[in-house]
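Here's the structure we're looking at; comments come further down.
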Protein chains: 2
Amino acid sequence: MSEQPESNIVKGADSWFNKYSAVESSPEGTFKGVKDRFNGITVDSSMETCSPDCFPTVLKRSLDHWIQSKTRGIWFKVHLSAASWIPELVNNGFQFHHAKNSFVMLYRWLPTDESANIPPYSHTMVGVGALVMNERQQVLVVSENYALIAGSWKLPGGYVEPNENFIDAAIREVEEETNIRTRFDSVVSIRHAHGAGFGCSDLYIVMALTPLTEAISKCNREIAKCEWMDVNEYLNHPKVHETNRNFVRTYLEYKRLGVRIDCAEEMHQVL
Amino acid sequence: MSEQPESNIVKGADSWFNKYSAVESSPEGTFKGVKDRFNGITVDSSMETCSPDCFPTVLKRSLDHWIQSKTRGIWFKVHLSAASWIPELVNNGFQFHHAKNSFVMLYRWLPTDESANIPPYSHTMVGVGALVMNERQQVLVVSENYALIAGSWKLPGGYVEPNENFIDAAIREVEEETNIRTRFDSVVSIRHAHGAGFGCSDLYIVMALTPLTEAISKCNREIAKCEWMDVNEYLNHPKVHETNRNFVRTYLEYKRLGVRIDCAEEMHQVL
């Protein structure tokens, strides 16, 4: 649930696409920023000492300079402490791109002979579900305190945290909700839905996990009920949604065929 | 690449989790908002007519009312035209949650006897790769104009657009980049990486698509080179990353075993 700590280094709009050179040597009285490989620039409010009074003048001078030097995308990472900059940025044609607790990122596309080519920010919430089946063919099921459908039985799971691998997320959620420890067995299914939380789409990755313990101790804050339910009961239970039944059917079919969808960890050659 | 058009209806922070009742009947001189099922409230700047001058007074009066009525999460959806509200919201303890082109969403958690329980916004970019193999065992490969690794051969693909299904995204990207029409065959693999664009994680879903046409006509803006490459050449090419080779190996193994990972569409019982 927690945000990653912010680094003190200016990361710019995009540390993946962009290969940063040094902070731009900019003319006196204009904002400094970090150039990106698309000939854009990112200004970070925490790296500048500009009073609210002088902000409009410095912004105007900077925009003139960037237009003259044919800079393309202009990014302003505005931290809470510099929120007074935002109305003036908007007055100067900036739009919002994304935000996290402590900052909002605004941008303006300067070229007039080329349409803006900036991808939208992430718009998909990623969650995991864990299909935990013991040797007696019982499925670990939970019923949430604040369920959308009251009393429904579902698989333990939840949102993937920032920078967390989805297998780790599934193992963590099972342990948090039920105190059962598990290890990864197989990917089972992916469900892609739209119109979900915060206007985002939703990817739900279901994994089969093998239980390493059996004694349930549920998290009372989140979970109303938790039990090991016979797989045939689960497949016929009126309070189990058809999608969830399908995950279990798919997994049983994998087992029948002797198929597993495995996972491997590796280092990306660029990242 | 484009944002979805905003609806005129107040959607609140979260149209999935929250079951909206009516707009709250609020005391004279306070902001109206939409209540959510967690006893929070969302105020939309486009639904209010409050001049910048009176904003601090109305905000203070509203906060007093919400504290008294034990409202929990307070959300302000601030559109560009009301950007002048933002510094005052920040002065009153609001933080950013997320933003899209035309608005930023700020929130403040009011309870002092309960820690904030608000999930972070989406932090995963979702992209697709298309493994298109013809009957002569040739793979459709592209080399991008602005590749991170110059001259490398990769699978056609790109980001999933808002509210787009990932299969549709793969079919669209192949057609945009190469003009080849395809249909879905099988999911092949998912790669989950961290530290990607905009500080997000990155989910890359690779699908096998069956080509319906063969004649390549590439998109010159994005693609430097495009060709049908013999699968054995691809598996040994020095300019193909090991991860990409693994996708092809995995798919060949699926074919050998006669396995397909299929997709089905259905309507969510709540959404």
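Rule-based calculations on the coordinates, nothing more; no lab input. Keep in mind that this is a model prediction, so the values were computed, not measured. With ideal geometry, Cβ positions are generated from the backbone for all residues, glycine too; neighbour counts draw on all protein chains shown.
Between copies, how far apart are the residue A:255 label points? List them in nm, one decimal, shortest first, with each point 7 Å from Cα toward Cβ, please?
3.2
Counting partner chain Cβ atoms within 10 Å of every residue's Cβ in B:25-33, what's the average?
Rounded to a whole number, the mean comes out at 0.
Connecting C-alpha atoms closer than 10 Å in a GNM of chain B, tell me which of B:259, B:174, B:78 has the biggest fluctuation.
Ranking B:259, B:174, B:78 by mean-square fluctuation puts B:259 first.
So if I average 1/r over every pair of distinct C-alpha atoms in the stretch A:124-257 and take the inverse, what Kirkwood radius in Å does that give?
Averaging 1/r across every pair of different Cα atoms and inverting gives 14.8 Å.
For residue B:179, list long-range residues whose amide hydrogen, built 1.01 Å from N in the peptide plane, is under 5 Å from its own amide hydrogen.
Here the answer is B:217, since their amide H atoms fall under 5 Å of that of residue B:179.
What is the average number of partner chain Cβ atoms found within 10 Å of a Cβ in A:122-135?
The shielding value for this peptide is 4.
How well do other chains shield peptide B:236-242, expressed as the mean number of their Cβ atoms within 10 Å of each residue Cβ?
1
Quick one: 3J(HN,Hα) in Hz for the stretch B:210-215, Karplus 6.51/-1.76/1.60 with θ = phi - 60°, rounded, Gly and Pro as x.
Calculated HN-Hα couplings, in order: 8, x, 9, 9, 10, 7 Hz.
Using a Gaussian network model of chain A with C-alpha springs under 10 Å, which one of A:234, A:121, A:159 is most mobile by mean-square fluctuation?
In the Gaussian network model the winner is A:121.
Tell me, what HN-Hα J-couplings in whole Hz come from the Karplus equation 6.51 cos²θ - 1.76 cosθ + 1.60 at θ = phi - 60° for each residue of the stretch B:131-143, using x for Gly and Pro?
Values, residue by residue: 9, 10, 10, 8, 6, 8, 6, 10, 9, 7, 10, 10, 10 Hz.
Calculate the all-directions average of the projected area of the stretch A:83-141's alpha-carbon convex hull, and give it in nm².
Directional mean of the projected Cα hull area for the stretch A:83-141 stands at 7.6 nm².
So for the pair residue B:260, residue A:229, with labels modelled 7 Å out along Cα→Cβ, what separation do we get in nm?
3.1
Send over the Kirkwood Rh of chain B, from the inverse of the averaged 1/r over different Cα pairs, rounded to one decimal Å.
One decimal place: 22.0 Å for the Kirkwood radius.
May I ask you to list the lysines whose Cα is less than 20 Å away from that of residue B:70, ignoring any residue fewer than eight positions away on the same chain?
B:19, B:32, B:35, B:60
Once you treat every alpha carbon in the stretch A:16-127 as an equal point and sum by Debye, what is log10 I(q)/I(0) at q = 0.12, 0.13, 0.19, 0.21 Å⁻¹?
One equal scatterer on each Cα of the stretch A:16-127 leads to -0.41, -0.48, -1.05, -1.29.
Arranged by the count of other C-beta atoms within 10 angstrom, fewest first, what order do A:110, A:212 take?
Ascending Cβ contact count within 10 Å gives the list A:212, A:110.
Can you give the calculated 222 nm mean residue ellipticity of chain A, where each DSSP H run of n ≥ 4 adds -39,500 (n - 2.57) and the sum is split over every residue, rounded to the nearest 500 deg cm²/dmol?
Taking each H run of at least 4 residues, the total per residue is -6500 deg cm²/dmol.
Suppose you put the label 7 Å out from Cα in the Cβ direction; list, shortest first and in nm with one decimal, how far residue B:115 is from each other copy's label.
Inter-copy label distances (nm, one decimal, shortest first): 4.6.
Rank A:49, A:71, A:182 by mean-square fluctuation in a GNM of chain A with C-alpha springs under 10 angstrom and give only the top-ranked residue.
A:49
So for the protein assembly as shown, what percent of the C-alpha to C-alpha distances run longer than 39 Å?
33
Given label points at 7 Å from Cα along Cα→Cβ, what nm distances, shortest first, separate residue A:91 from the same residue in every other copy?
Taking the point 7 Å beyond Cα along Cα→Cβ, the inter-copy spacings are 1.6 nm.
Grab every C-alpha pair in the stretch A:122-174, bin the distances at 10 angstrom width from 0 up to the longest one, and report whole percents.
Final binned percentages: 24, 44, 28, 3, 0.
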